[in-house]
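Visitor: Take a look at this one; I'll ask things after.
The values are calculated or read from the model by the stated rules, or taken from the named source; none is laboratory data. Keep in mind that what you see is a predicted model, and the values were worked out from it rather than measured. Note: ideal-geometry Cβ built from the backbone for every residue, glycine included; neighbour counts use all protein chains shown.
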Amino acid sequence: MRVLGIESSCDETGVALVDASGDGVPRLLSHALHSQISMHQAYGGVVPELASRDHIRRVLPLTREVLAGAGLSLQDIDVVAYTQGPGLAGALLVGAGVAASLGAALDRPVLGVHHLEGHLLSPFLSADPPEFPFVALLVSGGHTQLMRVDDVGSYELLGETIDDAAGEAFDKSAKLLGLPYPGGPHLSRLAEQGQPDAFALPRPLLHSGKPDFSFAGLKTAVLTQVRKLEQQPGGITEAQRADLAASTQAAIVEVLVKKSMLALKETGLKRLVVAGGVGANRHLREQLNAACERRKVRVHYPELHLCTDNGAMIALAAALRLQRDMGALTRGGGFEVRPRWDLASI
Ligand code: ATP
Ligand code: MG
Ligand code: FE
């Protein structure tokens, strides 16, 4: 069974083809990605209308590229999967519309996939795929959640952020430091030259005793520091910017690690899966690796290039679902997107 996956929920157009023969872990045959980051950078964030239009321009050329990369043709696709939500409505509609059209033209079934389920299952495409059950730390641009995962489709929310997501905390702090959008990777690079204990920044809810998060106060603390440093003669120095970046990263990472360990303790599980864009962060990986080693917990990550949005995770999530239940498929008819959609509800 070959599944084509189309991702268009935000500012990345991703297309991929996976092969799910038998009940082994699906194999990635080919994938292609176009990031709109440079287009949105001038505006300091994603412009929804521009995003939708660019998805329209990219999705078919990327599909051709993926098929060529796998040495296959349209007729070789057995199922078309697309990101149904959550995300930007107009952007989602592009992927959904193209998937429905391909399904109708090729007479193949179509399957809508939850974007976060894609992120969450993406480590199955790594060289060291996890086994169920596990605790998942989902840290992306829009979400920060800890979940108990017993199988594909069995997601129990343990805790989540009450305000900003971890990726948002990275991006907003980075913006305050004058770094380009999305600031997470830039802040992380700047942090390499700084001291993580240079500034005492808040670790909201660190001691709440629950696997919940809050990052809004951190951004305010960074803003206050930046304003203070800019008042000094000559303004903020390069060294201070690096120190502030390192301190911000340390604060976010400390909270993520502590809450992940709490969720592992609460569930008694010995396996942690990290997913989403912030999962690419080096400092987070180092700290999680160390904490998990102390507790004899195995930790799994997506490959670095599959941490942020991509089509491979959508094709994979669809394939894993179909290996368990072919009943989810629809043929013909319309399509639906869900800009707001709770993963624990599926
Ligand atoms: P969601 O999946 O919740 O809808 P999204 O799709 O925008 O949101 P992702 O693509 O998973 O989120 O991740 C993007 C986020 O990851 C951005 O906030 C980005 O700054 C952050 N990010 C990417 N790489 C790094 C890094 N090395 N360090 C810190 N943050 C990073
Ligand atoms: Mg993105
Ligand atoms: Fe995402």
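Visitor: Kindly indicate whether any position in the range 177-198 is more than 20 Å from residue 282 (Cα to Cα), of a type in the set (Asp, Glu) and surrounded by fewer than 17 Cβ atoms within 10 Å (Cβ to Cβ).
Guide: Just the residues of the range 177-198 that are more than 20 Å from residue 282 (Cα to Cα), to begin with: 178.
Add one more test, that the residue is of a type in the set (Asp, Glu), and what stays is none.
There is no residue in the range 177-198 that is more than 20 Å from residue 282 (Cα to Cα), of a type in the set (Asp, Glu) and surrounded by fewer than 17 Cβ atoms within 10 Å (Cβ to Cβ).
Visitor: May I ask you to say which residue of 99, 91, 105 is part of a helix (DSSP H, G or I), small (Gly, Ala, Ser), surrounded by fewer than 20 Cβ atoms within 10 Å (Cβ to Cβ) and modelled with pLDDT of 95 or more? It would help to see each step written out before you state the result.
Guide: On the way: 99 fails: surrounded by fewer than 20 Cβ atoms within 10 Å (Cβ to Cβ); 91 fails: surrounded by fewer than 20 Cβ atoms within 10 Å (Cβ to Cβ).
Step by step, each of 99, 91, 105 is checked, and only 105 is part of a helix (DSSP H, G or I), small (Gly, Ala, Ser), surrounded by fewer than 20 Cβ atoms within 10 Å (Cβ to Cβ) and modelled with pLDDT of 95 or more.
Visitor: Residue pairs, Cβ under 9 Å, 6 or more apart or interchain, first in the range 11-40 and within 15 Å of residue 118 (Cα to Cα), second assigned to a strand (DSSP E or B) and basic (Lys, Arg). List them.
Guide: Once the first residue is within 15 Å of residue 118 (Cα to Cα) and sits in the range 11-40, its partners that are assigned to a strand (DSSP E or B) and basic (Lys, Arg) give 17/2; 18/2; 18/27.
Visitor: Show the residue pairs that are 6+ apart or on different chains and have beta-carbon atoms under 8 Å apart, the first residue being within the range 254-275 and hydroxyl-bearing (Ser, Thr, Tyr) and at pLDDT 95 or above, the second being part of a helix (DSSP H, G or I) and surrounded by 20 or more Cβ atoms within 10 Å (Cβ to Cβ).
Guide: Taking only residues 6 or more apart or on different chains, the pairs are 260/288.
Visitor: Filter the range 1-48 down to the residues that are of a type in the set (D, E, K, R) and within 11 Å of ligand 1 (Cβ to nearest atom), then identify the one that is farthest from residue 103 (Cα to Cα).
Guide: We begin by selecting, within the range 1-48, every residue of a type in the set (D, E, K, R); these are 2, 7, 11-12, 19, 23, 27.
Then keep just the ones that are within 11 Å of ligand 1 (Cβ to nearest atom); that gives 7, 11-12.
Details: 7: 16, 11: 24, 12: 22 Å.
The qualifying residue farthest from residue 103 (Cα to Cα) is 11.
Visitor: Let me ask something additional. Could you check, for the range 126-144, whether at least one of its residues is aromatic (Phe, Trp, Tyr), more than 14 Å from residue 82 (Cα to Cα), surrounded by fewer than 21 Cβ atoms within 10 Å (Cβ to Cβ) and more than 16 Å from ligand 1 (Cβ to nearest atom)? Walk me through how you get there before you give the answer.
Guide: Of all residues in the range 126-144, those aromatic (Phe, Trp, Tyr) come to 132, 134.
From what's left, more than 14 Å from residue 82 (Cα to Cα): 132, 134.
Among the residues that remain, those that are also surrounded by fewer than 21 Cβ atoms within 10 Å (Cβ to Cβ) are: 132.
Among the residues that remain, those that are also more than 16 Å from ligand 1 (Cβ to nearest atom) are: 132.
Among the residues of the range 126-144, at least one is aromatic (Phe, Trp, Tyr), more than 14 Å from residue 82 (Cα to Cα), surrounded by fewer than 21 Cβ atoms within 10 Å (Cβ to Cβ) and more than 16 Å from ligand 1 (Cβ to nearest atom), which makes the answer yes.
Visitor: Return a yes/no flag: does the range 4-11 have any residue that is buried (at least 20 other Cβ atoms within 10 Å of the Cβ), more than 16 Å from ligand 3 (Cβ to nearest atom) and either modelled with pLDDT of 95 or more or of a type outside the set (Phe, Trp, Tyr) (or both). Steps first, please.
Guide: Let us first name the residues in the range 4-11 that are buried (at least 20 other Cβ atoms within 10 Å of the Cβ), namely 4-11.
Adding the requirement that they be more than 16 Å from ligand 3 (Cβ to nearest atom) leaves 4.
Pick out the ones that are also either modelled with pLDDT of 95 or more or of a type outside the set (Phe, Trp, Tyr) (or both) and you get 4.
Yes: the range 4-11 contains one or more residues that are buried (at least 20 other Cβ atoms within 10 Å of the Cβ), more than 16 Å from ligand 3 (Cβ to nearest atom) and either modelled with pLDDT of 95 or more or of a type outside the set (Phe, Trp, Tyr) (or both).
Visitor: Looking at the range 278-296, which of its residues are touching a strand residue (DSSP E or B) at 6+ places or on another chain (Cβ under 8 Å) and more than 16 Å from ligand 2 (Cβ to nearest atom)?
Guide: Selection gives 284, 285, 288, 289, 292.
Visitor: I've got another one for you. Report whether or not residue 223 is crowded, with 17+ Cβ neighbours inside 10 Å and over 15 Å from residue 249 (Cβ atoms). Working first, answer last.
Guide: Numbers: crowded, with 17+ Cβ neighbours inside 10 Å: no; over 15 Å from residue 249 (Cβ atoms): yes.
It is false that residue 223 is crowded, with 17+ Cβ neighbours inside 10 Å and over 15 Å from residue 249 (Cβ atoms).
To keep it simple, each residue is scored yes or no on (1) within 16 Å of ligand 2 (Cβ to nearest atom); (2) over 23 Å from residue 102 (Cβ atoms); (3) surrounded by fewer than 15 Cβ atoms within 10 Å (Cβ to Cβ).
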| site | (1), (2), (3) |
| --- | --- |
| 263 | no, yes, no |
| 267 | no, yes, no |
| 276 | yes, yes, no |
| 304 | yes, yes, yes |
| 316 | no, no, no |
| 327 | no, no, yes |
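Visitor: Going through 221, 191, 166, 174 one at a time, which residue ends up being within 30 Å of residue 269 (Cβ to Cβ) and modelled with pLDDT of 95 or more? Can you show your working first?
Guide: Working: 221 fails: within 30 Å of residue 269 (Cβ to Cβ); 191 fails: within 30 Å of residue 269 (Cβ to Cβ); 174 fails: within 30 Å of residue 269 (Cβ to Cβ).
Residue meeting the stated conditions: 166.
Visitor: Follow-up. Looking at the range 307-346, which of its residues are among the acidic types (Asp, Glu) and outside any loop (DSSP other than H, G, I, E, B)? Spell out the reasoning first.
Guide: Taking the range 307-346 and keeping what is among the acidic types (Asp, Glu), we get 309, 325, 336, 342.
None - no residue of the range 307-346 is among the acidic types (Asp, Glu) and outside any loop (DSSP other than H, G, I, E, B), so the list stays empty.
Visitor: Could you check the range 296-346 and list, in sequence order, the residues that are closer than 20 Å to residue 134 by Cα and aromatic (Phe, Trp, Tyr)?
Guide: Listed by number, the list holds a single entry, 301.
Visitor: Among (1) in a helix (DSSP H, G or I); (2) touching a residue at least 24 places away in the same chain (Cβ under 8 Å); (3) among the small types (Gly, Ala, Ser), there is one condition residue 45 misses while meeting the rest; what is its number?
Guide: Result: residue 45 fails condition (1) only.
Visitor: So, one more: Among the candidates 80, 3, 25, single out the residue that is away from ligand 2 (no atom under 16 Å from the Cβ), touching a Gly at 6+ places or on another chain (Cβ under 8 Å) and within 30 Å of residue 151 (Cα to Cα).
Guide: On the way: 3 fails: touching a Gly at 6+ places or on another chain (Cβ under 8 Å); 25 fails: touching a Gly at 6+ places or on another chain (Cβ under 8 Å).
The conditions single out 80.
Visitor: Might you check whether a residue that is touching a Leu at 6+ places or on another chain (Cβ under 7 Å), among the basic types (Lys, Arg) and buried (at least 22 other Cβ atoms within 10 Å of the Cβ) occurs anywhere in the range 243-258?
Guide: For the range 243-258, residues touching a Leu at 6+ places or on another chain (Cβ under 7 Å), among the basic types (Lys, Arg) and buried (at least 22 other Cβ atoms within 10 Å of the Cβ): absent.
Visitor: Since residue 40 meets every condition but one in (1) touching an Asp or Glu at 6+ places or on another chain (Cβ under 7 Å); (2) part of a strand (DSSP E or B); (3) within 16 Å of ligand 2 (Cβ to nearest atom), which condition does it not meet?
Guide: The single condition residue 40 does not satisfy is (2).
Visitor: Please identify the pairs in which a residue from the range 175-197 that is more than 18 Å from residue 237 (Cβ to Cβ) has its Cβ atom under 9 Å from the Cβ atom of a residue that is among the aromatic types (Phe, Trp, Tyr) and modelled with pLDDT under 95, counting only partners at least 6 apart or on another chain.
Guide: Sorted first by the residue in the range 175-197, then by its partner, the pairs are 175/181; 181/43.
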